[in-house]
Amino acid sequence: VANTLDLRQPFDRTRAARVLAAVASAGVGLSDLAYFDNLLHHDPATRKHKHDFLLRVLDAAALLGVNAVCGFVGRNQQRSMDENLVDFEEHFVPLLKAAKERGLTYRVEQCPMPGWTTGDNWHNNIAYTPGAWIALHRICERHGVGDQFRIHYDPSHAILLRQDTRSVFQSL
């Protein structure tokens, strides 16, 4: 578990100033904050807990002046891919609206997350391939959050999926 920015407690301006001072003294910058979890979890209580934590990450990103949060969409393991698109629209779009309110984008890493769960479908993150990106983005555009939904492309995941790391973008 990587928990470099402890958000179990609220992240306020004082903590943000401390983090920004440390970042400046090290001579580095922040491009985004990351929270990689299953945000479409089938259990409503678990899903709410994960969504509440993501809202803390969004708040921290805004306080730190970064413009993005990176993570997964996830997958409801008890539903088909088509049903997961419905879940995305119902449960994930509100998170993108929260990102928009804070002036942020959400960058989805395209790892399929094989082995992530005991009920493994191999594709445990529905945003793993260009066809899914297009379908998800169309849903986002219908709700006015198309600019908030972006892909954080990691070529190693394309290699895992046996995709050509260049031609994957030609169709887009």
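The values are calculated or read from the model by the stated rules, or taken from the named source; none is laboratory data. As the structure is a prediction and not an experimental result, all values here were calculated from the model. Here the Cβ is made from the backbone with ideal geometry for all residues, glycine too, and neighbour counts use every protein chain on show. For accessibility, only protein heavy atoms count, side chains too; no ligands or nucleic acids. Shrake-Rupley method; radii C 1.70, N 1.55, O 1.52, S 1.80 Å.
Only one residue in V57, V86, V73 is open to solvent by less than 10 Å² (accessible area, probe 1.4 Å), under 21 Å from Q110 (Cα atoms) and without any contact (Cβ under 8 Å) to a residue 60 or more places away in the chain, so which one is that? Exactly one residue qualifies, and that residue is V57. For the condition modelled with pLDDT of 90 or more, outside any helix (DSSP H, G or I) and open to solvent by 60 Å² or more (accessible area, probe 1.4 Å), R162 does not qualify.
So, L85, is that one in contact with a helix residue (DSSP H, G or I) (Cβ under 7 Å, 6 or more places away or on another chain) and not in a loop (DSSP other than H, G, I, E, B) or not? Against the criterion (in contact with a helix residue (DSSP H, G or I) (Cβ under 7 Å, 6 or more places away or on another chain) and not in a loop (DSSP other than H, G, I, E, B)), L85 qualifies. The residues in the stretch 7-34 that are over 17 Å from V66 (Cβ atoms) and either open to solvent by less than 70 Å² (accessible area, probe 1.4 Å) or charged (D, E, K, R) (or both) can be counted, and the count is 1. Are any of the residues in the stretch 102-114 on the phi > 0 side of the Ramachandran plot and open to solvent by less than 70 Å² (accessible area, probe 1.4 Å)? Among the residues of the stretch 102-114, at least one is on the phi > 0 side of the Ramachandran plot and open to solvent by less than 70 Å² (accessible area, probe 1.4 Å), which makes the answer yes. Scanning the stretch 35-53 turns up no residue that is within 18 Å of the chain's Cα centre (by Cα), outside any loop (DSSP other than H, G, I, E, B), crowded, with 18+ Cβ neighbours inside 10 Å and among the aliphatic types (A, V, I, L, M).
Yes or no, residue by residue, for (1) modelled with pLDDT of 95 or more; (2) touching a strand residue (DSSP E or B) at 6+ places or on another chain (Cβ under 7 Å); (3) over 25 Å from I126 (Cβ atoms):
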{"position": "V1", "(1), (2), (3)": "no, no, no"}
{"position": "F11", "(1), (2), (3)": "no, no, yes"}
{"position": "K48", "(1), (2), (3)": "yes, no, no"}
{"position": "D59", "(1), (2), (3)": "yes, no, yes"}
{"position": "F72", "(1), (2), (3)": "no, yes, no"}
{"position": "Q77", "(1), (2), (3)": "no, no, no"}
{"position": "S80", "(1), (2), (3)": "no, no, no"}
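When A99 is tested against (1) touching a Cys at 6+ places or on another chain (Cβ under 8 Å); (2) over 23 Å from G131 (Cβ atoms), only condition (1) is not met.
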